[in-house]
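Trainee: Here it is: the structure, laid out below.
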Amino acid sequence: MSKTERARQAILGALVADAAAMGLHWIYDVDRVAELGGAEPEFHPPVDYHQKRSPGGYTHYGDHLLVALESIAESGGLDVEDYRGRYKQRFSADYDGYVDHATKDLLETGRGADDNQAGALTKLVAYTVRYLEDPEFEARIEESIRATHENEQAVRYGVAAACAIREAIRGSDARASVEAACRTSGAVNKQLEEVLAAEDDVIAYALQRGQTCPVPNSVPVAFHAALHGDSFEESVRASILSGGDTSGRLMVTGAIRGATDGVPDAWLAKLGDRAQAEALADRVVAAAGLS
């Protein structure tokens with residue numbers, strides 16, 4: 001794949017992975033996930049959360065990413081006021097999905113929340129693509145995170161995750177992408193480097209590290225899932241079967257494996273809004289001016 005196509009597939013990978021996990025999202029009992037989902041747990045009808053969504057729809061995380069993509073498509077880059085304005089409009093009182101803590105804070109105050117949970121990861125692939133070769137890449141990513149999450153852990157782990165996505169789009173495989181993120185992640189590198197040495201399978205590692213939403217759990221587990229499986233499908237399935245905040249983690253895992261492997265057309269075809277997703281991905285890639 002060309003760099004342009006890898007960037008496009010990274011965006012679609014995050015959206016498709018979120019939709020694939022939506023039905024079994026936030027089920028922490030891995031035995032229950034396995035019983036419900038079987039060997040192919042993707043695109044399951046919603047069980048405990050997201051009851052108003054149909055298979056092929058997104059969780060609130062996917063909707064967060066759509067807001068970022070739409071803002072870039074219309075404004076050409078990171079426009080914090082435009083982004084926050086669209087965010088508030090999307091998640092206002094008539095929103096039909098889950099509204100997380102950080103979003104509630106932004107709706108009330110108009111500022112980023114002091115929140116270290118996985119909602120901070122949702123826009124990463126959008127701004128990573130847009131600023132892929134920008135000399136101020138990490139500063140751009142930090143600014144995008146702080147637009148919704150004014151929290152130091154969210155920034156540090158989010159920048160590390162964006163660095164991994166960037167390397168995957170540049171042409172590295174999943175392991176080299178995670179290694180690059182570990183080299184540049186500063187204060188969190190020890191926590192991330194353990195992923196490279198972990199011999200557990202995806203489920204065992206998620207149970208050991210933590211299936212929950214805070215980024216000190218979600219980013220290492222997302223990286224670990226990206227390192228396992230011979231395809232996009234295998235990596236995403238393993239992540240779904242590991243339970244907990246699967247969709248949050250898959251905003252990173254799906255982006256990395258989308259860039260390295262491409263998203264299978266059979267899975268893309270299950271998106272409820274495939275045409276919109278592909279059109280937005282194309283517009284953001286065009287705004288990045290990649291060659």
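Trainee: Please list 163-170, 94-101 highest first by mean number of surrounding beta-carbon atoms within 10 Å per residue.
Mentor: The densest-packed peptide leads the list: 163-170, 94-101.
Trainee: Given charges of +1 on the Cβ of Lys and Arg and -1 on the Cβ of Asp and Glu, with all other atoms neutral, how large is the dipole of the chain about its Cα centre, in debye to the nearest 20?
Mentor: On the way: 29 positive and 46 negative charges, 79 e Å.
With Lys and Arg at +1 and Asp and Glu at -1, about 380 debye.
Trainee: Taking the Cα centre of segment 10-132 as origin, work out the dipole magnitude from +1 charges on Lys and Arg Cβ and -1 charges on Asp and Glu Cβ, in debye rounded to 20.
Mentor: Details: 11 positive and 20 negative charges, 60 e Å.
Roughly 280 debye for segment 10-132.
Trainee: Positive end of the dipole of the chain, charges at C-beta (+1 Lys, Arg; -1 Asp, Glu), about the Cα centre: which of Val159, Thr59, Cys213 has its Cα farthest in that direction?
Mentor: The residue sitting most towards the positive pole is Val159.
Trainee: Still on this model: Heavy atoms only, probe 1.4 Å: what % of the accessible area of segment 168-291 goes to carbon and sulfur, would you let me know?
Mentor: Values: 2080 of 4450 Å².
Accessible surface attributable to carbon and sulfur in segment 168-291 totals 47 percent.
Trainee: Would you mind giving the three semi-axes, in whole Å and largest first, of the ellipsoid equivalent to the chain according to its Cα gyration tensor? Before the final figure, lay out the partial values.
Mentor: Details: eigenvalues 113, 94, 74 Å².
One finds semi-axes of 24, 22, 19 Å for the chain.
Trainee: Roll a 1.4 Å probe over the protein chains and send me the accessible area per residue for the chain in Å².
Mentor: Working: 10610 Å² over 291 residues.
Ligands and nucleic acids excluded, the figure is 36 Å² per residue.
Trainee: Please list the non-local residues whose amide H lies under 5 Å from the amide H of Ala113, H modeled 1.01 Å from N, same-chain partners needing a gap of 5 or more.
Mentor: Correct list: His149, Glu150.
Trainee: At 222 nm, what helix-only mean residue ellipticity would the chain give, in deg cm²/dmol to the nearest 500, using -39500 (n - 2.57) for each DSSP H run of four or more?
Mentor: My calculation for the chain gives -19500 deg cm²/dmol from helical runs alone.
Trainee: Could you tell me which residue out of Ala147, Ser242, Val284 lies farthest along the dipole of the chain toward its positive end? Charges go on the beta carbon: Lys and Arg +1, Asp and Glu -1, centred on the Cα centre.
Mentor: After comparing all options, I get Val284.
Trainee: Per-residue counts of other Cβ atoms within 10 Å, averaged by peptide: what ranking do you get for 23-35, 118-130, highest first?
Mentor: My ranking of the peptides, most packed first, is 118-130, 23-35.
Trainee: Next question. Quick one: dipole size for segment 174-291, taken about the Cα centre, charges +1 on Lys/Arg Cβ and -1 on Asp/Glu Cβ, in debye to the nearest 20.
Mentor: Using Cβ point charges on Lys, Arg, Asp and Glu, segment 174-291 gives about 320 debye.
Trainee: Further, regarding this structure: Within the accessible area of segment 1-156, what % is carbon and sulfur when the probe is 1.4 Å and the other protein chains stay in place? It would help to have the intermediate numbers written out before the result.
Mentor: Details: 2520 of 6060 Å².
Here it works out to 42 percent.
Trainee: Report, in whole Å, the centroid distance computed from the Cα atoms of segment 52-97 and segment 241-287.
Mentor: 15
The values are calculated or read from the model by the stated rules, or taken from the named source; none is laboratory data. Predicted, not measured: the structure shown is a model, and the values here were computed from it. Ideal geometry is used to build each Cβ from the backbone, glycine not excepted, and the neighbour counts take in all protein chains shown. In case anyone asks, the SASA skips ligands and DNA or RNA and just uses the protein heavy atoms, side chains included. Shrake-Rupley method; radii C 1.70, N 1.55, O 1.52, S 1.80 Å.
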